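Notes for the one structure printed next.
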Amino acid sequence: MNRDTVSPAVRYRIVPARPEAHVYEVTCTVEHPDPQGQRVALPAWIPGSYMIREFARHVLSISARSAGKSVPVSKVDKHTWRAAPADGAITLCYEIYAWDLSVRGAHLDRTHGFFNGACVFLRVLGSERSECELEIARPRGTRYRGWRLATAMRQQRADTQGFGIYEAADYEELIDHPVEMGTFDFARFTACGVPHEIAITGRHRADLPRLARDLKRVCEQHIRLFGEPAPMERYLFLVTAVGEGYGGLEHRASTALLCSRDDLPQPGTRKVTDRYRTFLGLCSHEYFHAWNVKRIKPAAFSPYDLDRENYTRLLWAFEGITSYYDDLALVRSGVITREQYLELLGRSITSLLRAPGRRRQTLVDSSFDAWIKYYRQDENSPNAIVSYYGKGSLVALCLDLFIRQRTSARKSLDDVMRALWRQHGLTGEGVDEEELELVAEEVTGLALKRQFDAWLRSTAELPLAKLLAAHGVRMATRPAESAADKGGKPAGPDADPARPGFGVRSRPEGKDALLTHVLDQSPAQQAGLSAGDVIVAVDGLRLRDGALDAALAARRAGERVRIHAFRRDELHEFEAVLGRAGQDTCFVEAAPGASRLREKWLGARR
Ligand code: ZN
């Protein structure tokens, strides 16, 4: 088709019309509307974030016109509208309220605009496969003169700052390219010949050249794992730096990230801080998704049904395997040290050990119920669910180590991922629920059913210690040293091995401690305490700074303590018998001596 003479059948125009009111104005023109009356809808959810969000909530007004005349629009259900039949092209005009500063939403104020297409672009029912054109306009007024625009969407014609006409092959692509506009900073690098950009919005003083250097190594590691050429022509990291925040959402040629400005590398230091390591892990995670979930997709997402939940038991693979490779790529590319990687691994195992829900929910059930459980966590979640990210990444580790051990490192999970890429990523054919297990068996020549049954479909503990030991890595557990102890390191010199266990998570609320979670079968639960209770005193003494941990630290297992706490506005007294702190804190370290399998696993550069 000659794009100069034939307009796409569906055209959009978005204007950041009233930044001070957080309102975008959008028009959607349908060249050949349904003669029965054109129906349009906003998605109920955004791919990558498995929760019903009902973006239609943010539509403030909607109207339609055809040939200069107004066309009646009526609502059909919570996210669908129908315009009355019209003879020619029809244009829907609507306003969207945008005040959600998350990677899943749309946001607009006088400092910047950000949107995901799923929040702002109506889906023209029956024309989802049609090519789309999008015009993105600059806000009116002199204060916005310096704004520019960043998106990975294909540009048709735009001004030097990026405002203008973009195009997408279909609706699914249109909503897979988030857009940022404002006065952000840019950094650029090339990875395996592919241009990459980082756009950072928000106040920050990041060392951009260093970030570009580190990300280049990570991206090249991922590209080489799957094999060149990379599946995208260019790639964009859209970063929003705030005071406190964390999140990422994957797209086919970009990712939207939210981080704390302290997570970014600071000038004048070469150190990889804990926070920077976490940020690099987040970038690595979303980048790996460009293969694993954006192109190698569950059959349940091929195509996405944007009206309702899309159920799959495979999120453990799409999120868990991605979570395994995100940190692994950091050590394999040399951005972090082996010790730093093993510390992260120890922390992941610690998180799993601290969730009693791992004995209740299997990984496949966690995937299936993501919509109502993982994404809608409450005070009982640690007791009720297991994370398909956390446990999923450890199952990926077990699978990788098991394959390496049984094949003397001739095969690994890398080979399984490459086979999935060839068979599903390059072909676009969705992955059926059992397919991944069959591919793993075929590629490795191993019978893996027993392992998959135990690791995915039962709540049995994973054989982590054994598999790590076979790879020259020692795993040990110990009690937590304090509430802030995330694991990953051996006990410090001042650790108290007889520290008592109480079984709660809390946060300070003034002088008091608010219980956020009470773990199943714990001394606190047996004493009758509940999440939401506010502890004010232990043994008749007022807490200091909400530090429940400190108030109990000097006690011993078996001791009785009297707790005063408010439940709503009623004061209650509880008597608890302290237990032993559980062996729920893990650290892993390289065992002395050389290990061929360990070198192959952690140093496997290709
Ligand atoms: Zn993910």
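The table for this structure:
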| quantity | calculated |
| --- | --- |
| Angle between the chain longest axis and helix 208-226 axis [Cα atoms, degrees, rounded to 10] | 90 degrees |
| Probe 1.4 Å, accessible area per residue of segment 19-176, Å² | 42 Å² |
| FRET efficiency for Lys486 and His32, using Cβ-Cβ distance with R0 set to 51 Å, rounded to 0.05 | 0.35 |
| Over segment 464-606: Kirkwood hydrodynamic radius from C-alpha pairwise inverse distances, Å | 17.1 Å |
| Apportionment of accessible area to carbon and sulfur, the chain, percent (1.4 Å) | 47 percent |
| Ordering of 72-85, 265-278 by burial proxy (mean other Cβ atoms within 10 Å per residue, highest first) | 72-85, 265-278 |
| log₁₀ of I(q)/I(0) at q = 0.13, 0.16, 0.18 Å⁻¹ - segment 171-306, Debye sum with one point per alpha carbon | -0.54, -0.82, -1.02 |
| Radius of gyration and Dmax over the Cα atoms of segment 187-465, both given in Å | 18.4, 53 |
| Exposure rank, largest accessible area first [Arg213, Arg140; 1.4 Å] | Arg140, Arg213 |
| Heavy atoms of Phe566: accessible area, 1.4 Å probe, square angstrom to 10 | 80 Å² |
| Residues with amide H under 5 Å from that of Arg123, placed H, sequence gap 5 or more | Ala41, Leu42 |
| Angle between the chain longest axis and helix 274-288 axis [Cα atoms, degrees, rounded to 10] | 50 degrees |
| Accessible area in square angstrom per residue, segment 187-465, 1.4 angstrom probe | 37 Å² |
| Where labels lie 7 Å past Cα in the beta-carbon direction, separation of Asp274 and Ala447 in nm | 4.6 nm |
| Cut-off 14 Å, label 7 Å out along Cα→Cβ of Thr111, residues of segment 205-223 by amide N | 205 |
| Average accessible area per residue (Å²) across segment 500-580 - probe 1.4 Å, nucleic acids and ligands excluded | 55 Å² |
| For q = 0.16, 0.20, 0.21 Å⁻¹, Debye-computed log10 I/I(0) when each Cα of segment 367-511 counts as one equal scatterer | -1.07, -1.33, -1.38 |
| Three principal axis lengths of segment 500-580 [C-alpha, angstrom, descending] | 29, 23, 19 |
| Projected label distance in nm at Ala498 and Ser74, using a 7 Å step from Cα toward the beta-carbon | 7.8 nm |
| Virtual spin-label span in nm between Phe186 and Arg544, 7 Å along Cα→Cβ | 5.5 nm |
| Rg(Cα)/(2.2 N^0.38 Å) for the chain, N = residue count | 1.05 |
| Translational diffusion coefficient (Stokes-Einstein; Kirkwood radius from C-alpha pairs) of segment 441-490 at 10 °C, 1.306 mPa s, in µm²/s | 115 µm²/s |
| Theoretical ellipticity at 222 nm over the chain - DSSP helices of four or more residues, -39500 (n - 2.57) apiece, nearest 500 | -7000 deg cm²/dmol |
| Nearest-10 value in Å² for the accessible area of Thr477, using the 1.4 Å probe | 60 Å² |
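The values are calculated or read from the model by the stated rules, or taken from the named source; none is laboratory data. Note that the structure is predicted; figures quoted are calculated from it, not measured. All Cβ positions, glycine included, derive from the backbone under ideal geometry; neighbour counts span all protein chains shown. These area figures cover heavy atoms from the full protein model, side chains too; ligands, DNA and RNA do not enter into them. Shrake-Rupley method; radii C 1.70, N 1.55, O 1.52, S 1.80 Å.
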